[in-house]
Amino acid sequence: MSGSWSLFTATGALEPRVIERAAPASLALILLYAACLAIGNGPGNVLLAILGISALPSLLLRPELRRRPIVVFSALVILYLLAMALRAELDGAPGKHFRAVDNYAFFAYVPFVAVHVAIALRYRIGFERLCCLVVAGLVAGAAARLFWDANWQAGAALFDSYQWGGGGKNRNYLSIEAGLTVLASGSLLVMTLVQGRWHPALRLLGGVALAVICVLAFLALLEMKSRTNWIAAAIAMTVWLAVLVAGLLRHSRRRRAIAAAVVLAFAALIAAGLAAFSGQIASRFSDNGGVAANIGLFARIFAGEIDPASTDLHGYDPRAYIYVAAGKLIAEKPWFGWGTDLAPLVNQSVDASVQGARSHFHNAYLEFLVGLGIVGTILIAAHLLAIVVACRRPNAPPLDLEAGAVLAALLAGSLTYIAVVGFAESANRVELITQTLILVFAVLLGRGSLGEAMASLPGSARSAQ
């Protein structure tokens, strides 16, 4: 097939020039997706659907892309989850199981978004710049959300009167957003300090704005009073600082001084927060018998060392009842689980009078085991490991050492934060988390396996990856 208007090659594959023409739209969609994630669930869902549907022609019609093992693996995961939803529906399990597939399939959407990343990297933009713009979009969206939700007439207690609500209006949801924003805005702030190529006035203006956003997000994190997020933030910030300092210490004396300044600045911020909110923090950590006692109880329950039926749980966190119910459900159907929609199951298994009405198990790892069983959980874990492996690309151009150190710290800190939050929240249901994970791994995969496939297309690239 030939001619200037042909969309396909002689073999029926999509013309590379057609993909190249889509590069500006791909880049715009990625950045818009990043900026919308923190604003609310609706915009992110719409953009994810647009990204996925628009990636299908490239995935299906370019053999370089559709034959990649990670693309095939992702398709198989989606089919497996649909089969599990169908099984639950046929068994008469209550709930909307097909609709709930998203709670487990989010990693399978990564290749669809990664196609757009690979197109943008090949034809429009470099990897480091794309990463900075994506992080800036996330920070901008989160800043808009925080400024909107703050009570500016309340003095320093900007978020103290924030009301509970469903979905993205939940205080835990905003706590997660605030914690991740501290890491992201802090990383961009460090980037403005170590990157000497930027104009001094731009660096000063950007640095001040990022510092304000970082402090505002830290204040929101403290005032939301979420113990889970406080613990996650403490661990994640430690990991972030350790990776960042280790990366910057390999550079010049000036970079080492910047690393020391970053450590001191974050230490001062944390010390000020602890001093100002020490009473509230101590009060929250002493609720329901104290955090240490509850962690010990949960550990003994999971290890089978105590019998929940003969143990008085009234003095502990109400989640103890949920975890006990989850353990019983896993024991009843250990291999293939109960189905993808767990909300009716939670309500049937746990007495609402002792822990309130719930639609989830307050633990992402338990939800995978209850919903998908051991087989499904292992499949999801193997799929995630395959994505991580596919993100590697040995022949890719090396990153700038300074930018690479900052981006590595942000990646390590953010993933640590999400992993810790998953122990006490159903993180697989929080779309801010699931869609952020999609975007993060899509950017890495777009430079990795799918970027390698895109680089093999005929034609000239416009930017180095």
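The values are calculated or read from the model by the stated rules, or taken from the named source; none is laboratory data. Every value quoted in this text rests on a predicted model; they were computed, and no experiment measured them. Ideal geometry is used to build each Cβ from the backbone, glycine not excepted, and the neighbour counts take in all protein chains shown. Surface accessibility is based on the protein's heavy atoms, side chains included, excluding ligands, DNA and RNA. Shrake-Rupley method; radii C 1.70, N 1.55, O 1.52, S 1.80 Å.
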Legend entry - Which listed residue is closer than 22 Å to A442 by Cα and either under 19 Å from the mean Cα position of the chain (by Cα) or assigned to a loop (DSSP other than H, G, I, E, B) (or both), from L384, L379: L384
Inset, instruction - Could you please let me know if L432 is among the hydrophobic types (A, V, I, L, M, F, W, C), within 24 Å of S74 (Cβ to Cβ) and crowded, with 18+ Cβ neighbours inside 10 Å? - result: yes
Inset, instruction - Scan F73, F127, F107, F112 and give me the residue that is under 16 Å from the mean Cα position of the chain (by Cα) and in contact (Cβ under 8 Å) with a residue 24 or more places away in the chain. - result: F107
Legend entry - Among the candidates L32, L47, L37, L27, residue that is touching a Ser or Thr at 6+ places or on another chain (Cβ under 9 Å), under 27 Å from G126 (Cβ atoms), aliphatic (A, V, I, L, M) and modelled with pLDDT of 85 or more: L37
Inset, instruction - Assess whether V139 counts as being modelled with pLDDT of 80 or more, open to solvent by less than 60 Å² (accessible area, probe 1.4 Å) and not aromatic (F, W, Y). - result: yes
Inset, instruction - Give the number of residues within region 126-148 that are farther than 21 Å from R203 by Cβ and either hydrophobic (A, V, I, L, M, F, W, C) or touching a Ser or Thr at 6+ places or on another chain (Cβ under 7 Å) (or both). - result: 6
Inset, instruction - Within region 391-403, identify whether any single residue is polar (S, T, N, Q) and open to solvent by 50 Å² or more (accessible area, probe 1.4 Å), and answer yes or no. - result: yes
Inset, instruction - Give the residue that is nearest to T192 (Cα to Cα), with candidates limited to residues of region 408-425 that are surrounded by 22 or more Cβ atoms within 10 Å (Cβ to Cβ) and more than 13 Å from the chain's Cα centre (by Cα). - result: A409
Legend entry - Candidate set from region 1-24 (those that are assigned to a loop (DSSP other than H, G, I, E, B) and surrounded by 15 or more Cβ atoms within 10 Å (Cβ to Cβ)); member that is modelled with the highest pLDDT: A22
Inset, instruction - State whether the residues of region 65-72 include one that is assigned to a helix (DSSP H, G or I) and modelled with pLDDT under 90. - result: yes
Inset, instruction - Please verify whether region 84-102 includes one or more residues that are open to solvent by less than 50 Å² (accessible area, probe 1.4 Å), touching a residue at least 24 places away in the same chain (Cβ under 8 Å) and under 17 Å from the mean Cα position of the chain (by Cα). - result: no
Inset, instruction - Go through region 219-232 and count every residue that is of a type outside the set (D, E, K, R), open to solvent by 10 Å² or more (accessible area, probe 1.4 Å) and either more than 20 Å from the chain's Cα centre (by Cα) or at pLDDT 90 or above (or both). - result: 2
